[in-house]
Amino acid sequence: MSELSDLYQEVILEHSKAPRNYRRPAGANQEAEGYNPLCGDHFTVFLDMEGDAIRDVGFQGSGCAISRASASMMTQSLKGKTRAEAERLFAQFHDLVTGKPGSSANDSELGKLAVFSGVSKYPARVKCASLAWHTLQSALEGSQKPVTTEEV
Amino acid sequence: MTTVADRSHVGLQAFALPAAEALDIAAIRAEFPILSREVNGRKLVYLDNGATSQKPRAVIRALSRYYEEENANIHRGVHLLSVEATEAHDSARRAAQRFLNAARESEIVFVRGTTEAINLVAQTCGRARVAEGDEVLITAMEHHSNIVPWQMLCEEKGAHLRVAPINDRGELLMDEFQKLVGPRTRFVAVTHVSNALGTVNPVKEIVAIAHGRGVPVLVDGAQAAPHLAVDVQDLDCDFYAFSGHKVYGPTGIGVLYGKYALLDAMPPYQGGGDMISSVTFEKTTFKKPPSKFEAGTPHIAGAIGLGAALDYLTALGIDRVAAHEHDLLDYATGRIGSIRGVRLIGTAAHRAGVLSFIHEDVHPHDLGTILDSEGIAVRAGHHCAQPVMERFSIPATARASFAVYNTREEIDVLVRGIEKAEKVFGR
């Protein structure tokens, strides 16, 4: 059993209480819904895309502290990135929270997102941390169908 | 919530049993080996009994004994082991008959669990009764397992699923229910005890109303069988379903009770061995109930384990178990309900086994993780009852659910766990 404080790091708690970019950007032109049918977490991610680049990103919805903080910090890390860069970041984030052998926050582009490394010790919470990212991916693909954590 | 707390403490006195009749909870706990294990360095406090209960030695031993001494297929061998296995299996059916006070042993059909029982009834009796434009009536507090099979049937037949509403306490609105039993109603399916709210429904009254219109009633007893005495003849219900693993038995085994005349008239569910009288390529004749509904080699060990569990529960005395659990529920309602920031979900006058709640500062999922770090197992989520969550405009709840081996001290540990979660979230 790892320490609870590894999971509920101060910055995560802070983001969960005051999520950033909790809004629909005025210029949003792509969006997707994501939900976790196992726990009821439900988010919409909005993108303002300029060609292949993310000009602005926001989210709305409800969920646990981990999923809210993850969504909030995700939006902060995405502005100005291209679609390919965003997808690469998701891959690194996914490796981090699932504790993929060899994955390390140090040699990645994760930056502040590395605070989610504690999630890998809590397999039941991986879906909480990754819900917003799956939803982002769906929004990037312009998918009309809500994405769920049970399809991935 | 202070008033609730105060009231419940008064209520506890009224519920205290004379010492001679009270259960020896310490002795009962000693019969459940898993309760002595540690979780995350703490003594396990298992309060997720609504999901599945732990198993007493009597059940574990019955399973081992079957596999170590009696294992053979049933109803087909002339050799000794097969005879013994058949006897053990049949004796489990009689245990289920006694447990439900069914009139006949042949009214007990072994199934995988409550879900399969409901699907069986929907796909046989339901399919035969329900036609285009007809209605199936359920309630707003059903588990998904008592919604989806009926929804599938209605879809197939072009029938309508009607839902009787509940009030803010989580009680069925009987006047509305009565109005919804109409000329096109072909089936009523209702839970005995709500898994998400703990509400005990007035099943006898529901059955009387439905029968007044000639409508059969299926009762989902998954959350009732562990917590209160069930008498299917007194309830007069047509079908009653429950799962073995929630009444201290194994997973993968459950019971469907059905009135014999109905079972006899129903088409079979699955075809195969053990459910036939004779087979030619032209025609098969089916056995009588319950065999007609038990195609293939059954879960013999599971049935034997379930029989042991029901005998165990019966020996404790289901009324004494119910009184103990009622005391726990009252105590927990008082303690948890009086925490500032907690809202109880499901405050019906008659409840059993389950306390659902939300905290304004801590999401149920986070609460579940933090409680786990203290060795406390609760359920966090929608409890396979999404429409109930929608009714209360919440995404999820935390749920503590009780069994005979739980204690007031464990509820105190739960309260301290909730306080720890509040600290983590900086309250």
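The values are calculated or read from the model by the stated rules, or taken from the named source; none is laboratory data. Everything numeric here is computed off the predicted structure, so don't read it as measured data. Cβ placement follows ideal geometry from the backbone for every residue including glycine, while neighbour counts extend to all protein chains displayed.
Scanning for something away from chain B (no Cβ under 14 Å), touching a Phe, Trp or Tyr at 6+ places or on another chain (Cβ under 8 Å) and among the hydroxyl-bearing types (Ser, Thr, Tyr), does segment A:80-90 turn up at least one residue?
Checking segment A:80-90: not a single residue is away from chain B (no Cβ under 14 Å), touching a Phe, Trp or Tyr at 6+ places or on another chain (Cβ under 8 Å) and among the hydroxyl-bearing types (Ser, Thr, Tyr).
Quick check: anything in segment B:395-413 over 20 Å from B:Tyr248 (Cα atoms), in contact with a Cys (Cβ under 8 Å, 6 or more places away or on another chain) and within 12 Å of chain A (Cβ to nearest Cβ)?
Yes, there is a match, as at least one residue in segment B:395-413 is over 20 Å from B:Tyr248 (Cα atoms), in contact with a Cys (Cβ under 8 Å, 6 or more places away or on another chain) and within 12 Å of chain A (Cβ to nearest Cβ).
Pick out, from segment A:27-90, the strands (runs of 3 or more DSSP E) lying fully within it that include 1 or more residues that are under 24 Å from A:Lys145 (Cβ atoms), touching a His at 6+ places or on another chain (Cβ under 9 Å) and of a type in the set (Phe, Trp, Tyr).
A:30-35
If you scan segment B:370-394, which residues turn out to be assigned to a helix (DSSP H, G or I), out of contact with any His (no Cβ under 6 Å at 6 or more places or on another chain) and within 11 Å of another protein chain (Cβ to nearest Cβ)?
Residues satisfying the conditions are B:Ile370, B:Leu371, B:Asp372, B:Gln386, B:Glu390.
Looking only at segment B:70-79, filter to residues that are in a loop (DSSP other than H, G, I, E, B) and not polar (S, T, N, Q); which one of those is surrounded by the most Cβ atoms within 10 Å (Cβ to Cβ)?
Here the residue is B:Ile74.
Of the conditions (1) within 14 Å of another protein chain (Cβ to nearest Cβ); (2) among the hydroxyl-bearing types (Ser, Thr, Tyr); (3) more than 22 Å from the chain's Cα centre (by Cα), B:Ser356 fails just one. Which one is it?
Answer for B:Ser356: the failing condition is (3).
Consider A:Ser117 carefully, then state whether it is surrounded by 14 or more Cβ atoms within 10 Å (Cβ to Cβ) and outside any helix (DSSP H, G or I).
no
For segment B:351-369, state whether one or more residues are surrounded by fewer than 21 Cβ atoms within 10 Å (Cβ to Cβ), outside the structural domain of B:Ala196 (by TED's automatic domain parsing) and out of contact with any helix residue (DSSP H, G or I) (no Cβ under 9 Å at 6 or more places or on another chain).
Yes.
Residues checked against (1) assigned to a helix (DSSP H, G or I); (2) in contact (Cβ under 8 Å) with a residue 60 or more places away in the chain:
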{"site": "B:Ala303", "(1), (2)": "yes, yes"}
{"site": "B:Gly307", "(1), (2)": "yes, yes"}
{"site": "B:Leu310", "(1), (2)": "yes, yes"}
{"site": "B:Thr314", "(1), (2)": "yes, yes"}
{"site": "B:Asp327", "(1), (2)": "yes, yes"}
{"site": "B:Ala348", "(1), (2)": "no, yes"}
{"site": "B:Phe357", "(1), (2)": "no, no"}
{"site": "B:Gly368", "(1), (2)": "yes, no"}
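Return yes or no: is A:Pro101 surrounded by fewer than 21 Cβ atoms within 10 Å (Cβ to Cβ), in contact (Cβ under 8 Å) with a residue 60 or more places away in the chain and over 25 Å from A:Glu14 (Cβ atoms)?
Considered against the rule, which asks whether it is surrounded by fewer than 21 Cβ atoms within 10 Å (Cβ to Cβ), in contact (Cβ under 8 Å) with a residue 60 or more places away in the chain and over 25 Å from A:Glu14 (Cβ atoms), A:Pro101 comes out as no.
So which residues in segment B:55-69 are surrounded by fewer than 22 Cβ atoms within 10 Å (Cβ to Cβ) and either touching a Leu at 6+ places or on another chain (Cβ under 7 Å) or within 29 Å of B:Asp231 (Cα to Cα) (or both)?
Once the filter is applied, which keeps residues that are surrounded by fewer than 22 Cβ atoms within 10 Å (Cβ to Cβ) and either touching a Leu at 6+ places or on another chain (Cβ under 7 Å) or within 29 Å of B:Asp231 (Cα to Cα) (or both), segment B:55-69 yields B:Arg57, B:Ala58, B:Ile60, B:Arg61, B:Leu63.
Taking the condition of being among the charged types (D, E, K, R), farther than 22 Å from B:Leu344 by Cα and either in a helix (DSSP H, G or I) or within 22 Å of the chain's Cα centre (by Cα) (or both), how many residues in segment B:131-172 meet it?
Residues meeting the conditions: 3.
Looking only at residues in segment A:1-39 that are among the aromatic types (Phe, Trp, Tyr) and at the interface with chain B (Cβ under 10 Å from one of its Cβ atoms), which one is nearest to the chain's Cα centre (by Cα)?
The residue in question is A:Tyr35.
Tell me yes or no: at least one residue of segment B:80-93 is part of a loop (DSSP other than H, G, I, E, B) and either within 23 Å of the chain's Cα centre (by Cα) or not assigned by TED's automatic domain parsing to the domain that holds B:Met389 (or both).
So far as segment B:80-93 goes, no, none of its residues is part of a loop (DSSP other than H, G, I, E, B) and either within 23 Å of the chain's Cα centre (by Cα) or not assigned by TED's automatic domain parsing to the domain that holds B:Met389 (or both).
Inside segment B:204-216, can you point out the residues that are surrounded by fewer than 23 Cβ atoms within 10 Å (Cβ to Cβ) and at negative phi?
B:Lys204, B:Glu205, B:Val207, B:Ala208, B:Ile209, B:His211, B:Gly212, B:Arg213, B:Val215, B:Pro216, listed by residue number.
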